[in-house]
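What follows is a single structure, and I will ask about it in a moment.
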Amino acid sequence: MKKLAFSLLLVFAAAWLAWQDVDAGQTQARPWMSPVVTREELAAMDWVRANTAPRTLFATDIFGGEFLMGNTLREATVGGDWAIIPNVVERMRAFQYDFYGAASAEQAHATAVKYGAAYAWVPNRQIFAGYSWVEANRSLFVEPYFTQVYGSGVAIYKVNP
C-alpha cells in the first residue's frame, strides 16, 4: 500500500511540474500567437495615406513598422526596410525602453525627436520593439509633446517640435 501511495504521489508531482512548465510556455508564447497587427491598424492605413507624404517617418514597434512600410511606403524608426535603417540595435533599445517604455512624456518625445519621427504609432495591442513584449504606455503621449491626430483602435500622434 505504501508503494502504491508513493507511486501515486510521484505521478501527481510529475504531472504538477509538467503542468507548470506548460503554463509557463503558454504565457511566454501568447504574444507571439496573438495578432501582431490588428484590424484597427489596417483601417488606420487609409488615414496615413490621406494625411502623410510617402517616406514620412513614424515611431513604431517592429510589426507596426513592417506594416506601415509595406502598405503605405512610410518609413519606421524600427521595422520596415531594415537595409535603410541605420543603427538598428541602438534603435530597438531606444524604442523599447526610451519611447514605449519611457519614464516620462518628455523622454518619449526626446527619443522620437532624436530619431526624426514625425508621428508616433501607438497600437491597442502589445508591442515588440526588439527585446520583449510590452503594453504601450498611452499616458506618455500628451500635450505639449504629442498631439493625437487619429484614434480608432490605434492612436497616431503628431510629434510636436
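Considering (1) at pLDDT 95 or above; (2) within 23 Å of MET45 (Cβ to Cβ); (3) not small (Gly, Ala, Ser), say which one MET69 fails and leave the rest.
So the condition that MET69 fails would be (1).
In region 108-126, what count of residues is obtained for those that are modelled with pLDDT under 95 and over 15 Å from GLN148 (Cα atoms)?
Of the residues in that region, 2 qualify.
Let me ask something additional. Return yes or no: is ASN124 polar (S, T, N, Q) and out of contact with any helix residue (DSSP H, G or I) (no Cβ under 7 Å at 6 or more places or on another chain)?
Judged against the criteria, ASN124 is not a match.
Filter region 80-91 down to the residues that are within 23 Å of VAL48 (Cα to Cα) and either touching a Gly at 6+ places or on another chain (Cβ under 9 Å) or of a type outside the set (Val, Ile, Thr) (or both) and list them by number.
Of everything in region 80-91, those that are within 23 Å of VAL48 (Cα to Cα) and either touching a Gly at 6+ places or on another chain (Cβ under 9 Å) or of a type outside the set (Val, Ile, Thr) (or both) turn out to be GLY80, ASP81, TRP82, ALA83, ILE85, ARG91.
Taking only pairs six or more apart or across chains, which ones have beta-carbon atoms under 7 Å, a first residue in region 135-148 that is touching a residue at least 24 places away in the same chain (Cβ under 8 Å) and surrounded by fewer than 20 Cβ atoms within 10 Å (Cβ to Cβ), and a second residue that is part of a helix (DSSP H, G or I) and not polar (S, T, N, Q)?
Matching pairs, first to second residue: VAL142/ALA105.
Exposed (fewer than 15 other Cβ atoms within 10 Å of the Cβ), at pLDDT below 95 and closer than 25 Å to ALA43 by Cα: is that true of TRP82 in this structure?
So TRP82 fits the description; yes.
A further question on this structure: So LEU8 ticks every box in (1) in the same structural domain as ARG138 (by TED's automatic domain parsing); (2) of a type in the set (A, V, I, L, M); (3) at pLDDT below 90 but one. Which box is left unticked?
(1)
Further question on the same structure: Residues in region 99-118: is at least one surrounded by 15 or more Cβ atoms within 10 Å (Cβ to Cβ), over 11 Å from the mean Cα position of the chain (by Cα) and at positive phi?
No, there is no match, as no residue in region 99-118 is surrounded by 15 or more Cβ atoms within 10 Å (Cβ to Cβ), over 11 Å from the mean Cα position of the chain (by Cα) and at positive phi.
The values are calculated or read from the model by the stated rules, or taken from the named source; none is laboratory data. All figures in this text were calculated on a predicted structure; none of them were measured in a lab. Every residue, glycine among them, receives a Cβ derived from its backbone with ideal geometry; neighbour counts consider all protein chains shown.
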